[in-house]
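Please read the structure below before turning to the comments.
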Amino acid sequence: MNLEDVLGEATTVAVVCTQWGDTGKGKFVDALAGWADIIARGTGGANAGHTICIDGVTYVFHLVPSGILRDGDGKLNVIGSGVAFDPNTFLNEVEVVEKAGLPTNHLYVAAGAHLVMPQHFLLDLLRESESSGKLGTTGRGIGPAYVDYYQRIGLTVNDALNPGILRAKLERNLAQKRQLIRGYAPGVVEDIMGREALGGGEFWQAGDFNVEAIIERYRAYGNALRDRVRDTDELVRQAVGKKKILLEGAQGNLLSVKYGSYPYVTASDCSVAGLAQGVGISERHVDLTLGIVKAFYMTRVGDGPFPTEMGGKRSEEWCDGSAEADENQRFPSAQVNHSDPFIQGIGVRRAGNEYGATTGRPRRVGWLDLPLLRYSKGFTGNHVILSKLDVLDECRTIRICHSYRYEGPDYSVGNCVLKAGEILTTANLDSYVLRNCVPLYKDFEGWMTPTSSVRTPEDLPDKLRQIVSYIEREADVKAVVLSVGPDRDQTIVNV
Ligand code: IMP
């Protein structure tokens, strides 16, 4: 059996994450790209980090669809109109792929995708420099680019192809940005505009945006992109039902601006509904959604509640300010069975290599949370992929959170009042509620044997299979695929 057997008759398939991102979507999108005619992204931007490992070579992409490594087979790779598009990152990634000797002829960009520009990076980083209101964003300008879209002052990829329009729209946009940055110390603004990600000062001159430099740069981007720009919404819409379409999610349901742990979310709706819309089709055109669940631990990057976090607040604070190197130096012997949950968390992070693909930040680590999964699968359906199962091969006790006890003050939720001591089996994504929930666990004995070379469900250790069955039963999901390593072939089909 191979992965495609899971798809049945479906012609439009979406792969999304049911958690806070970083569950291994890249691997599955790449694997299913062999099946698809079109691989399309529709949400997020260069805040995403998709890691693909083929024959021991690791590729990390932020913007180009993970199917790009199959371009040589004539597969179409599409960056949809819902993506916040940073041309600089995009062109760098294209260069990496081409340097690896792989073609990029069939890589298209939506004319209507919104541009991420220097002023967006600036606003994102200014917000993150404040002590209150900080969200722990990736600092890639994603939120401010979407704000401009909704404020109807954004610039599209198509605008970069039309110099007159580019200038007029940019001047209008920057007039508004000048007002916004007025409240900040000029030194802070100048410092940010001098960063490498912002051209090392190229776009800032004498205390103001260097409009000419920005225009020149984005015109150049327009020229470099011209041959790839299309009405991709129409292209994908026309292909529904006729071609095999694979939609590649970014981030995860719990980071969706619509369904996630608001305000600790990203700025796009990264659920399957937002993803479909971001490539120009409706969610009802998606025949099958595969929701990825990292198991039996989960991760989160950035601020926000995380009930099962190993080491709780200590871990949250540590991950906010440290780098992988600090961890290796301070906790060289941390491992997955440590009795202190904080250090155990570091051990799991190390075993799973849970360091941000975009920012390099240590990802916060916690146990698998079924109340969150029960909530999240409401947007994805019940077909799930359990990823990274091999990471806890050496863990003596696996803890699964089956429910929460609310321990905060009385809190109104609609017409009900949530009181201390109440048990919740499905998560309420209100950040206030989530922060005040204590996880209740069922403990399982670990299987304590390597799994990365297992290829059939029957060959998995019994103890592991029992945990999978428990999750399927408790969360009402079907684990159709189990992943035991980063390589394409370290995949077990379980149908
Ligand atoms: P932004 O998307 O950069 O605005 O960041 C908003 C929140 O989403 C922050 O907590 C980020 O850490 C988180 N985030 C954005 N992209 C990813 C991702 O690809 N994986 C995990 N977290 C992400």
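The values are calculated or read from the model by the stated rules, or taken from the named source; none is laboratory data. Predicted model only: the values in this text are computed from it and were never measured. Here the Cβ positions follow ideal geometry from the backbone for every residue, glycine too, while neighbour counts run over all protein chains shown.
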Next item on the list: Return yes or no: is residue 133 closer than 29 Å to residue 305 by Cα and touching an Asp or Glu at 6+ places or on another chain (Cβ under 8 Å)?
Entry: no
Next item on the list: From 170, 174, 166, 122, grab the single residue that is assigned to a helix (DSSP H, G or I) and out of contact with any Leu (no Cβ under 9 Å at 6 or more places or on another chain).
Entry: 174
Note to self: If I ask for residues that are within 21 Å of residue 33 (Cβ to Cβ), more than 9 Å from the ligand (Cβ to nearest atom) and under 12 Å from the mean Cα position of the chain (by Cα), which ones from the range 242-274 would you list?
What the structure shows: 248, 249
Margin query: Let me confirm something: among 215, 192, which residue is more than 21 Å from residue 64 (Cα to Cα), of a type outside the set (Asp, Glu) and in contact with a Lys or Arg (Cβ under 6 Å, 6 or more places away or on another chain)?
Written below: 215
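Just the residues that are on the phi < 0 side of the Ramachandran plot and modelled with pLDDT under 95, please, taken from the range 96-110. Please lay out each step first, then the result.
Going through the range 96-110, the residues on the phi < 0 side of the Ramachandran plot turn out to be 96-100, 102-110.
Those that are on the phi < 0 side of the Ramachandran plot and modelled with pLDDT under 95: 96, 97, 98, 99, 100, 102, 103, 104, 105, 106.
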Checklist line | Which listed residue is within 16 Å of the ligand (Cβ to nearest atom) and among the charged types (D, E, K, R), from 130, 171, 216 | finding: 130
Check: In the range 348-387, what residues are closer than 17 Å to residue 440 by Cα and among the aliphatic types (A, V, I, L, M)?
Finding: 365, 368, 370, 372, 373
Item checked: Among (1) within 14 Å of the ligand (Cβ to nearest atom); (2) crowded, with 21+ Cβ neighbours inside 10 Å; (3) without any contact (Cβ under 8 Å) to a residue 60 or more places away in the chain; (4) within 27 Å of residue 387 (Cβ to Cβ) - the single one residue 75 does not satisfy -> (1)
Note to self: Any residue in the range 294-307 that is modelled with pLDDT under 95 sitting within a Cβ distance under 6 Å of a residue that is of a type in the set (Ser, Thr, Tyr) and within 11 Å of the ligand (Cβ to nearest atom)? List the pairs, counting only those 6 or more apart or interchain.
What the structure shows: 303/264
Notebook entry, point to check: What are the residues in the range 310-325 that are buried (at least 22 other Cβ atoms within 10 Å of the Cβ) and more than 14 Å from the ligand (Cβ to nearest atom), if any?
Noted result: 310, 315
Notebook entry, point to check: Within the range 275-303, how many residues are within 13 Å of the chain's Cα centre (by Cα) and assigned to a helix (DSSP H, G or I)?
Noted result: 1
Checklist line | Contacts under 8 angstrom Cβ, first residue in the range 7-26 being without any contact (Cβ under 8 Å) to a residue 60 or more places away in the chain, partner outside any loop (DSSP other than H, G, I, E, B), 6 or more apart | finding: 26/50; 26/51; 26/52; 26/61; 26/66
Notebook entry, point to check: If you take the residues of the range 127-150 that are modelled with pLDDT of 95 or more and aliphatic (A, V, I, L, M), which of them is surrounded by the fewest Cβ atoms within 10 Å (Cβ to Cβ)?
Noted result: 147
Margin query: I'm trying to understand the selection: among the residues of the range 50-72, which are in a loop (DSSP other than H, G, I, E, B) and surrounded by 23 or more Cβ atoms within 10 Å (Cβ to Cβ)?
Written below: 63, 64, 65
Checklist line | Qualifying positions in the range 315-351 - part of a helix (DSSP H, G or I) and among the polar types (S, T, N, Q) | finding: 315, 328, 329, 344
